[in-house]
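What follows draws every value from the coordinates through simple rules; no lab data is involved. What you see is a predicted model, and the numbers here were worked out from it, not measured in a lab. Note: ideal-geometry Cβ built from the backbone for every residue, glycine included; neighbour counts use all protein chains shown.
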Ligand code: PEP
Ligand code: MN
């Protein structure tokens, strides 16, 4: 079902006013995790003014260490939904457990399945049964076939609103957090009709590399970007080193809008 042989025309996933896969790049941005209501509302309004289309923010955080910040849970979902409503932006958040599906569907506009759950097949089947857009991140060291078959699990249950997200894979390099796989962007667009967004924040793990790699991903055919942004990255509760400052994103958004006009 995910294959381009089965369906030649691109799938377009609609979220609010945004059509992902329709041509103009969709930009999803926000902090790694929801931390504080006032900060998120302020940031969301600023992102909206820049031209960002969708607000991100994790409420259930799958952290490597059990002693790291785990997210605000249900309070985080409520804060994210409020910030999105105030700013006029749809919101995306990660679902880590089937027990949270009803509350995530209540507060979010897109369900994110994170890398660590790409092959959580019961979770995939459950999100396949809801009428809700799903963003499926590539697993930490998943092959393209494994990733596309994970998406197949969702489509096979009836949900066709799937967006794929390349977020880098684990390699031998340690300078970067992951190795962003530019080949995967071009290959997935060739193999599948599903829209694809690139996440150079997790793909590089380093703020100074995020925007150059974002541009490369768009050049390779990505339908959009997922970018972590934080007003004060030094004090972020997760992923500060890879979070853009709002002013850095603002400059990039201006460039992007200029480029879109010229096309
Ligand atoms: C995230 O988007 O914050 C996240 C945890 O991403 P990934 O699943 O790609 O590691
Ligand atoms: Mn993160």
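The set of residues in segment 112-135 being within 16 Å of ligand 2 (Cβ to nearest atom) and either surrounded by 17 or more Cβ atoms within 10 Å (Cβ to Cβ) or closer than 22 Å to residue 83 by Cα (or both) consists of 112, 113, 114, 115, 117, 118, 135. Every listed requirement among (1) touching a helix residue (DSSP H, G or I) at 6+ places or on another chain (Cβ under 8 Å); (2) closer than 16 Å to residue 1 by Cβ; (3) surrounded by fewer than 24 Cβ atoms within 10 Å (Cβ to Cβ) is met by residue 160 save one, (1). Looking across segment 152-169, the residues that are in a strand (DSSP E or B) and without any contact (Cβ under 8 Å) to a residue 40 or more places away in the chain come down to 164, 169.
For segment 231-245, a residue qualifies if it is within 18 Å of the chain's Cα centre (by Cα), more than 12 Å from ligand 1 (Cβ to nearest atom) and surrounded by 17 or more Cβ atoms within 10 Å (Cβ to Cβ), and exactly one does: 244. Across segment 208-230, the qualifying residues are those that are touching a residue at least 40 places away in the same chain (Cβ under 8 Å) and in contact with a helix residue (DSSP H, G or I) (Cβ under 6 Å, 6 or more places away or on another chain), and the one among them that is farthest from ligand 1 (Cβ to nearest atom) is 211.
Quick check: is even one residue across segment 9-25 within 16 Å of ligand 2 (Cβ to nearest atom), touching a helix residue (DSSP H, G or I) at 6+ places or on another chain (Cβ under 8 Å) and within 23 Å of residue 151 (Cβ to Cβ)? Scanning segment 9-25 turns up no residue that is within 16 Å of ligand 2 (Cβ to nearest atom), touching a helix residue (DSSP H, G or I) at 6+ places or on another chain (Cβ under 8 Å) and within 23 Å of residue 151 (Cβ to Cβ). When 44, 33 are checked against the criterion of being crowded, with 22+ Cβ neighbours inside 10 Å and within 16 Å of ligand 1 (Cβ to nearest atom), a single residue qualifies: 33. All of 29, 59, 83 fail the test of being away from ligand 2 (no atom under 16 Å from the Cβ) and either without any contact (Cβ under 8 Å) to a residue 24 or more places away in the chain or touching a strand residue (DSSP E or B) at 6+ places or on another chain (Cβ under 9 Å) (or both), apart from 83. With respect to the conditions (1) within 16 Å of ligand 1 (Cβ to nearest atom); (2) free of Cβ contacts under 8 Å to residues at least 60 places away in the same chain; (3) at positive phi, residue 147 lacks only one, and its number is (3). Just to be sure, is residue 172 away from ligand 1 (no atom under 16 Å from the Cβ) and free of Cβ contacts under 8 Å to residues at least 60 places away in the same chain? The answer is yes for residue 172. Here 193, 202 are screened, and the one residue that is within 16 Å of ligand 2 (Cβ to nearest atom) and touching a residue at least 60 places away in the same chain (Cβ under 8 Å) is 202.
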